[in-house]
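Accompanying notes for the structure given below.
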Amino acid sequence: MTHILALETSTTTCSVALLTEQGASVAVVQRQLEGTAGHAANLLPMVSALLAECGIERGSLSAVAFGQGPGAFTGIRVACGVAQGMGLALQIPLIPIGALPAVASQAAERLPQYLILAALDARMDEAYFAAYVDDVSHGLVILQPPVLLPAGQLSAFIEQRLPLWHSRAPDARGVCYVGEGWSLAGATVGLPLECLADDLLARPTAQAVAALALRGWHAGQTVLPEHAAPVYLRDRVAFTVAERALGEGGNPRALAPGQAALVPMTAADLPEALEIERAVQSFPWTLKNFEDALAAGYEAWVLRHEGELLGFCIAMQAPDVAHILVIAVAREHQRQGYAHQLLAQITRSAQAQSAEGVLLEVRPSNHAALAFYAREGFNQIGMRRAYYPAGRGEREDAYVLKKTFDQS
């Protein structure tokens with residue numbers, strides 16, 4: 001017999017559920033509370049009450065599943081922290097479940113084999129968004145990993161990528177959109193007519209987390225309690241005084257509608273990225289280089305505006321620094337601040353992972369790049385001899401530049 005306890009606190013709904021599987025029989029009991037605060041105080045009493053109601057001792061639990069976000073900063077830490085504590089105390093594994101698949105799975109029950117566009121309210125007129133297809137054999141399959149976008153940019157983002165998603169899910173019966181994020185002002189404006197509205201108030205629930213966790217349990221997709229972590233798409237919620245003095249404002253925002261959207265790179269971006277790379281680099285990356293970087297899970301971002309890819313960057317996170325492997329902006333869009341935006345994203349990601357700085361190499365002959373990195377706070381810390389190919393069988397050195405973060 002399998003017992004999975006599920007915790008979900010990423011929104012104003014605090015819910016717990018107990019899933020019991022015995023043979024071919026699966027039963028789920030859920031309890032929940034509404035409120036903008038009090039998740040930390042209420043969660044463990046709710047767990048105790050639910051287990052007592054079901055007559056299950058904590059020692060009988062097989063695993064603890066938790067909603068890992070994205071969502072409210074405090075909320076997702078509450079579920080993760082409680083799950084870690086129980087996992088360590090009971091010596092049982094954890095099963096992290098994303099908030100967006102937890103919403104998408106609810107639509108999949110009502111509209112099986114659909115392409116599902118899930119969105120949740122991220123506050124500040126922004127939404128967390130991801131796309132899935134409900135596959136008969138594999139359940140929810142990711143078509144678009146979670147991204148943070150202004151609500152008014154959702155339809156444009158979808159219009160750009162919907163043909164790709166259709167090509168990856170040719171057997172989908174249709175397209176639906178689900179989740180409270182679609183209730184934000186402007187979110188549904190311009191959506192393709194083929195999209196069918198499902199529950200536009202849906203939020204992740206512990207019951208949905210439990211159902212997805214059961215599939216993960218059977219697939220061996222568990223983690224040790226000490227390895228569990230929340231998922232954040234917005235790394236920071238406030239700027240420093242110095243950043244505000246530079247005009248960066250109060251809270252970080254995704255770019256406004258009509259400007260370039262900064263989103264994670266996917267395989268669908270590679271043809272355009274490769275075209276830019278070949279146009280601006282004397283010795284460009286190959287398609288295999290890009291594919292290997294994505295497969296390795298490197299930090300990779302693109303800037304898009306009205307369907308056009310403007311630039312991209314890829315970085316590898318080392319234990320103490322983020323190493324920028326490649327960064328490029330289309331020639332016709334250079335000197336418009338796009339390289340700064342890409343570099344700022346890598347910097348934010350590195351700081352969120354407690355890195356001490358950002359590292360990169362640049363050719364000594366690339367005077368424009370050296371000037372740009374100097375303005376961005378990079379300093380030379382070394383040199384790699386004969387690092388770059390230079391044509392005619394010759395090699396060129398590389399300056400090693402580093403930007404060290406203020407550790408104060």
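The values are calculated or read from the model by the stated rules, or taken from the named source; none is laboratory data. Just so it is clear, the model here is predicted, and its values are computed rather than measured. In this analysis, Cβ positions are derived from the backbone assuming ideal geometry, glycine residues included, and neighbour counts consider all displayed protein chains.
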(request) Could you please give the count of residues in segment 317-333 that are at pLDDT below 95, out of contact with any helix residue (DSSP H, G or I) (no Cβ under 8 Å at 6 or more places or on another chain) and not small (Gly, Ala, Ser)? (result) 4
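Among Leu61, Leu43, which is under 30 Å from Met124 (Cβ atoms) and more than 25 Å from the chain's Cα centre (by Cα)?
On the way: Leu61 fails: under 30 Å from Met124 (Cβ atoms).
Only one candidate qualifies: Leu43.
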(message) Residue pairs, Cβ under 8 Å, 6 or more apart or interchain, first in segment 133-152 and in the same structural domain as Leu117 (by TED's automatic domain parsing) and surrounded by fewer than 16 Cβ atoms within 10 Å (Cβ to Cβ), second in a strand (DSSP E or B) and modelled with pLDDT under 85. List them.
(response) Pro145/Pro264
(request) Considering each of Leu100, Leu154, Leu88 in turn, give the residue that is outside any strand (DSSP E or B) and more than 17 Å from the chain's Cα centre (by Cα). (result) Leu88
(request) Of the numbered conditions (1) of a type in the set (Gly, Ala, Ser); (2) free of Cβ contacts under 8 Å to residues at least 60 places away in the same chain; (3) touching a Cys at 6+ places or on another chain (Cβ under 9 Å), Gly220 fails exactly one; give the number of that condition. (result) (3)
(request) Determine whether Thr74 is among the β-branched types (Val, Ile, Thr), more than 19 Å from Leu140 (Cβ to Cβ) and touching a helix residue (DSSP H, G or I) at 6+ places or on another chain (Cβ under 7 Å). (result) no
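Using the structure shown, decide if Ala369 is within 27 Å of Ala260 (Cα to Cα), out of contact with any Lys or Arg (no Cβ under 6 Å at 6 or more places or on another chain) and buried (at least 20 other Cβ atoms within 10 Å of the Cβ). So that I can check it myself, show each step before the final result.
On the way: within 27 Å of Ala260 (Cα to Cα): yes; out of contact with any Lys or Arg (no Cβ under 6 Å at 6 or more places or on another chain): yes; buried (at least 20 other Cβ atoms within 10 Å of the Cβ): no.
Here the answer is no, as Ala369 does not meet what is asked.
Residue by residue, here is whether (1) in the same structural domain as Val82 (by TED's automatic domain parsing); (2) closer than 28 Å to Pro96 by Cβ; (3) not β-branched (Val, Ile, Thr) holds:
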site	(1), (2), (3)
Ser155	no, no, yes
Leu164	no, yes, yes
Ala172	no, yes, yes
Gly179	no, yes, yes
Gly186	no, no, yes
Leu193	no, no, yes
Ala219	yes, yes, yes
(message) Take Leu43 and tell me if it is within 25 Å of Val223 (Cβ to Cβ), touching a helix residue (DSSP H, G or I) at 6+ places or on another chain (Cβ under 6 Å), free of Cβ contacts under 8 Å to residues at least 40 places away in the same chain and surrounded by 15 or more Cβ atoms within 10 Å (Cβ to Cβ).
(response) yes
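Can you list the strands (runs of 3 or more DSSP E) found entirely within segment 342-408 that contain at least 3 residues being touching a residue at least 40 places away in the same chain (Cβ under 8 Å)?
Working: elements: 357-362, 379-389, 395-404.
Because the criterion is at least 3 residues that are touching a residue at least 40 places away in the same chain (Cβ under 8 Å), the strands (runs of 3 or more DSSP E) in segment 342-408 that meet it are 357-362, 395-404.
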(message) Restricting to segment 265-289, and then to whatever is within 21 Å of Leu164 (Cβ to Cβ) and among the small types (Gly, Ala, Ser), can you tell me which residue is surrounded by the most Cβ atoms within 10 Å (Cβ to Cβ)?
(response) Ala273
(message) For segment 116-129, which positions are out of contact with any Lys or Arg (no Cβ under 8 Å at 6 or more places or on another chain) and crowded, with 24+ Cβ neighbours inside 10 Å?
(response) Ile116, Leu117, Ala118, Ala119, Ala127, Tyr128, Phe129
(request) Tell me which residues, restricted to segment 385-407, are of a type in the set (D, E, K, R), farther than 27 Å from Ala352 by Cβ and loosely packed, with under 12 Cβ neighbours inside 10 Å. (result) Arg385, Arg392, Glu394
(request) Could you identify the single residue in Ala63, Ala41 that is farther than 27 Å from Ala119 by Cβ, small (Gly, Ala, Ser) and at pLDDT below 95? (result) Ala41
(message) Quick check on Phe312: is it in the same structural domain as Asp269 (by TED's automatic domain parsing), touching a strand residue (DSSP E or B) at 6+ places or on another chain (Cβ under 8 Å), closer than 30 Å to Leu154 by Cβ and surrounded by 12 or more Cβ atoms within 10 Å (Cβ to Cβ)?
(response) yes
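I'd like to check something: does segment 32-41 contain any residue that is closer than 15 Å to Ala210 by Cβ and in the same structural domain as Gln221 (by TED's automatic domain parsing)? Write out each step before concluding.
Step one: of segment 32-41, the residues closer than 15 Å to Ala210 by Cβ are 32.
Still in the list and also in the same structural domain as Gln221 (by TED's automatic domain parsing): 32.
For segment 32-41, residues closer than 15 Å to Ala210 by Cβ and in the same structural domain as Gln221 (by TED's automatic domain parsing): present.
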(request) Considering each of Val231, Val189 in turn, give the residue that is outside any helix (DSSP H, G or I) and exposed (fewer than 14 other Cβ atoms within 10 Å of the Cβ). (result) Val189
(message) Please go through segment 290-307 and give me each residue that is in contact (Cβ under 8 Å) with a residue 12 or more places away in the chain and either among the acidic types (Asp, Glu) or crowded, with 16+ Cβ neighbours inside 10 Å (or both), ordered by number.
(response) Phe290, Glu291, Ala293, Leu294, Tyr298, Glu299, Ala300, Trp301, Val302, Leu303, Arg304, Glu306
